[in-house]
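A.B. asks: My questions will all concern the structure given below.
The numbers here are math on the coordinates, done by the rules we state, and not lab data. What you see is a predicted model, and the numbers here were worked out from it, not measured in a lab. Neighbour counts run over all protein chains shown; Cβ positions are idealised from the backbone, glycine included.
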Amino acid sequence: MKKTHSPLYLTGSLILASAFAFAACEKKAPTTSTPPKPAATDDHGHSHDDGHSHDAAPSHAPGHGGAVIALGEQVVGPFNTKATRDQGEIVAGKDAPIDVTVTPTGTAKAVAVRFWIGTQDAKGSVKAKADIEDPKDPNRWHTHAEIPNPIPEGSKIWVEIEDDAGAKHVAGFAFGS
């Protein structure tokens, strides 16, 4: 003969189980404290592992407080461009800080700017997406582009500007001296 439990026994078990479940879900009052802010170790999206710093007051000019090498000016699609890089050797396996001022010649807007060092097809290179470093200078785009190892013969600093219609415009600049 099969033993069955009484409905009272089952009801009591359900009530007891529910009480434990609700007791475990304690409702806490919302806190009004704000989470701690991270330390301000970087102000524009890159590390300082290469030893450069930003101790001097910002100059709102290309470069990281040191000398800047002008790489030239070009018309690239619907944009005038002016490229510079920080003074220093182009060394395989390192990076190069690059700034490009992108000024529309008409109604087109730059929505993305990418830099790479190497050949125009970017084979063996890493494209680095640039950012507007200073909101007060919204046409100047900055990033640190990786230098391939080995550096292909005929390498340049390449700039790709994507406009608001989705078209991409490319120009190459010699390293400068």
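A.B. asks: Name, by its number, the condition in (1) part of a strand (DSSP E or B); (2) free of Cβ contacts under 8 Å to residues at least 12 places away in the same chain that does not hold for ASP99.
C.D. replies: (2)
A.B. asks: If a residue counts only when it is under 23 Å from VAL91 (Cα atoms) and charged (D, E, K, R), which strands (runs of 3 or more DSSP E) contained entirely in the range 123-173 have at least 1 such residues?
C.D. replies: Working: elements: 140-146, 156-163, 168-173.
In the range 123-173, the matching strands (runs of 3 or more DSSP E) lie at 140-146, 156-163.
A.B. asks: So, one more: Among the residues of the range 151-165, count how many are exposed (fewer than 14 other Cβ atoms within 10 Å of the Cβ), over 15 Å from ASP121 (Cβ atoms) and of a type in the set (Asp, Glu).
C.D. replies: So the answer is 1.
A.B. asks: Follow-up. Step by step: first the residues of the range 105-122, then only those that are in contact with a Lys or Arg (Cβ under 9 Å, 6 or more places away or on another chain) and not in a loop (DSSP other than H, G, I, E, B), then the one that is farthest from GLU153 (Cα to Cα). Which residue is that?
C.D. replies: Out of the qualifying residues, it is ALA112.
A.B. asks: Step by step: first the residues of the range 140-150, then only those that are buried (at least 16 other Cβ atoms within 10 Å of the Cβ) and of a type outside the set (A, V, I, L, M), then the one that is farthest from VAL102 (Cα to Cα). Which residue is that? Let's see the steps before the verdict.
C.D. replies: Pass one, the range 140-150, residues buried (at least 16 other Cβ atoms within 10 Å of the Cβ): 140-148.
Now drop any that are not of a type outside the set (A, V, I, L, M), which leaves 140-144, 146, 148.
Working: ARG140: 6, TRP141: 7, HIS142: 11, THR143: 14, HIS144: 17, GLU146: 21, PRO148: 25 Å.
Selected residue: PRO148.
A.B. asks: Return only the number of the condition from (1) in a loop (DSSP other than H, G, I, E, B); (2) among the aliphatic types (A, V, I, L, M); (3) surrounded by 15 or more Cβ atoms within 10 Å (Cβ to Cβ) that VAL91 does not satisfy.
C.D. replies: Unmet for VAL91, out of (1) in a loop (DSSP other than H, G, I, E, B); (2) among the aliphatic types (A, V, I, L, M); (3) surrounded by 15 or more Cβ atoms within 10 Å (Cβ to Cβ): (3).
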